[in-house]
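Student: I have a structure I would like to understand better, so I am pasting it below and will then ask my questions one at a time.
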Amino acid sequence: MNIKKALSGKFVLDSFWMLAAYFIVALSGIVINFILGRYYGPDAVGVFNQAYSLFQIFAVIGAMGINFSTVKHVAESRDDGKKIIQIFSTSQVLTFSFSLLISIVIITALSAFPNLTSSENVRRSTILITVSLPFFVTNKNQWSYYIGFRRMREYSIFRLLRWVSIICIVSIWTLFKLPMIYAVIAFPVTDMLMSVVLHILNGKAFSTDEVKKSWVEKHLSFGFKSILTEVFSSIHARIPVLIIGYFLNDNEAGMYSIAATMASGIMIIASIMQDNFNPLMANLHSAGDTEKLGGYVRKLKKFSLFSLLPLLVASVVLYKVYILLLGSQYKETSAIFYYLIAGVGLTYLVSWAGGVLTMTGNQMLNLVRILVTLAITVAGCIVMIPLMGVKGAAIAFIFSSLVNV
């Protein structure tokens, strides 16, 4: 594989497509929070974000880390058509089976034990959004198939279409002034339709006859090594708003979500670099080319360092404009935002590490890194939220980010 050629042509084009998709994804969270916050109030933002946070955690558990296995093994076997069909078919069956089981368990548990969530509104929204779980997880695995082939345009287009569809449905929901707790219906509707489209497009790469026991074992083995890291990473990103919901209320969770969504926007650049470099890292590691691998890691470090300041400045300016448009009642999120943006900046500096460690077989080292960060975040939130309110969660995030660096 001519890495230099890939980076000079396809890599740049792929990065452009991914930048567009990630921009829409980041903008989607901001737009949805704006719509709900402007027309329903901070309570609606809090309910929506708590339900979505739980959904993201459930999705990671349902995927079992198999999406990472799909990326790695497709990237390493891209010239072997029959092997690719076996890899993809097996991973699709596994992800659908696990995610369907998880969704049934979650919906049953929330129906039987209403007090599991912080409020009745969060419970209802979570049950509805969880219907989408098996469709979203298998769609995500198909995106991993595209990433393994470095077909970033298709991957980016589908991510873009998903979030544009969700925004449109939420906007229509708001236009007709329907109950805000059911606005999450946008997710099952979108994910079901996209699942049909993706299965039609990728039908030639899927066959139940090619589901092999050997690949079940390989996917599960690699997935189990990756899933704890991904689960803990997802919980780390989502746990503050959930703890705020439990200790305080949906209103305060909404205020935190407004600030957190704006502060985390700069991480789209890190995500683009990680998704684009992961297949390259897997190839170089498989080929044993440690010299080139080390060279790209150094480039990632350098890029992260020099791009941080412009991204921070842009985030602060955009936040000021956003709050001006959203309304005066959200001005109190300013202090929360500044705490969070400091923590996000520290996280951004080492955001490349997780992908590099995973693609080079160092999942356990990455797991320890994430677990320590998560423990500090959870402990900090539990101690500081009762004392300082929402600001306590933001300060706890800064402490965990310092340790991560």
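Student: Name the residues in the range 23-54 that are crowded, with 23+ Cβ neighbours inside 10 Å and modelled with pLDDT under 90, would you?
Tutor: Correct list: empty.
Student: Let me ask something else. Do we have residue 85 as in a helix (DSSP H, G or I), among the hydrophobic types (A, V, I, L, M, F, W, C), more than 15 Å from residue 215 (Cα to Cα) and at pLDDT below 95 here?
Tutor: Against the criterion (in a helix (DSSP H, G or I), among the hydrophobic types (A, V, I, L, M, F, W, C), more than 15 Å from residue 215 (Cα to Cα) and at pLDDT below 95), residue 85 does not qualify.
Student: What helices (runs of 4 or more DSSP H), lying completely within the range 314-405, carry at least 1 residues that are on the phi < 0 side of the Ramachandran plot and modelled with pLDDT of 85 or more?
Tutor: On the way: elements: 334-349, 353-359, 363-388, 390-404.
Of the helices (runs of 4 or more DSSP H) lying wholly inside the range 314-405, those with at least 1 residues that are on the phi < 0 side of the Ramachandran plot and modelled with pLDDT of 85 or more span 334-349, 363-388, 390-404.
Student: Give the residue, chosen from 161, 110, that is modelled with pLDDT of 95 or more, over 30 Å from residue 218 (Cα atoms) and not charged (D, E, K, R).
Tutor: The conditions single out 110.
Student: Please determine, by comparing only the residues of the range 217-233 that are crowded, with 20+ Cβ neighbours inside 10 Å and of a type in the set (S, T, N, Q), which one is modelled with the highest pLDDT.
Tutor: The selected residue is 229.
Student: In the range 163-211, what residues are over 26 Å from residue 34 (Cβ atoms) and touching a Lys or Arg at 6+ places or on another chain (Cβ under 9 Å)?
Tutor: Listed by number, the list holds a single entry, 210.
Student: Which helices (runs of 4 or more DSSP H) sit wholly inside the range 103-195 and have at least 1 residues that are over 29 Å from residue 74 (Cα atoms) and among the acidic types (Asp, Glu)?
Tutor: Passing ranges, in order: 120-130.
Student: Being basic (Lys, Arg) and surrounded by fewer than 16 Cβ atoms within 10 Å (Cβ to Cβ): is that true of residue 177 here?
Tutor: yes
Student: To continue, here is another question. Could you tell me whether the range 253-265 includes any residue that is crowded, with 22+ Cβ neighbours inside 10 Å, of a type in the set (A, V, I, L, M), over 18 Å from the mean Cα position of the chain (by Cα) and at pLDDT 85 or above?
Tutor: yes
Student: In this structure, is residue 93 assigned to a helix (DSSP H, G or I), among the β-branched types (Val, Ile, Thr) and in contact with a Ser or Thr (Cβ under 6 Å, 6 or more places away or on another chain)?
Tutor: Judged against the criteria, residue 93 is not a match.
Student: Another question about this same structure. Looking at the range 223-244, can you tell me whether even one residue there is over 30 Å from residue 24 (Cα atoms) and either touching a helix residue (DSSP H, G or I) at 6+ places or on another chain (Cβ under 7 Å) or free of Cβ contacts under 8 Å to residues at least 60 places away in the same chain (or both)?
Tutor: Checked against the condition, which is being over 30 Å from residue 24 (Cα atoms) and either touching a helix residue (DSSP H, G or I) at 6+ places or on another chain (Cβ under 7 Å) or free of Cβ contacts under 8 Å to residues at least 60 places away in the same chain (or both), the range 223-244 yields at least one hit.
Student: So, of the residues in the range 100-126 that are touching a Ser or Thr at 6+ places or on another chain (Cβ under 7 Å) and of a type outside the set (D, E, K, R), which turns out to be nearest to residue 250 (Cα to Cα)?
Tutor: 117
Results for (1) closer than 21 Å to residue 63 by Cα; (2) in contact (Cβ under 8 Å) with a residue 40 or more places away in the chain, shown as yes or no for each residue.
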| residue | (1), (2) |
| --- | --- |
| 101 | yes, no |
| 123 | no, no |
| 133 | yes, yes |
| 145 | yes, yes |
| 163 | yes, yes |
| 169 | no, no |
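The values are calculated or read from the model by the stated rules, or taken from the named source; none is laboratory data. Just so it is clear, the structure is predicted and the values come from calculations on it, not from any experiment. Don't worry about glycine lacking a Cβ; one is built from the backbone with ideal geometry, like all the others, and counts go over all protein chains shown.
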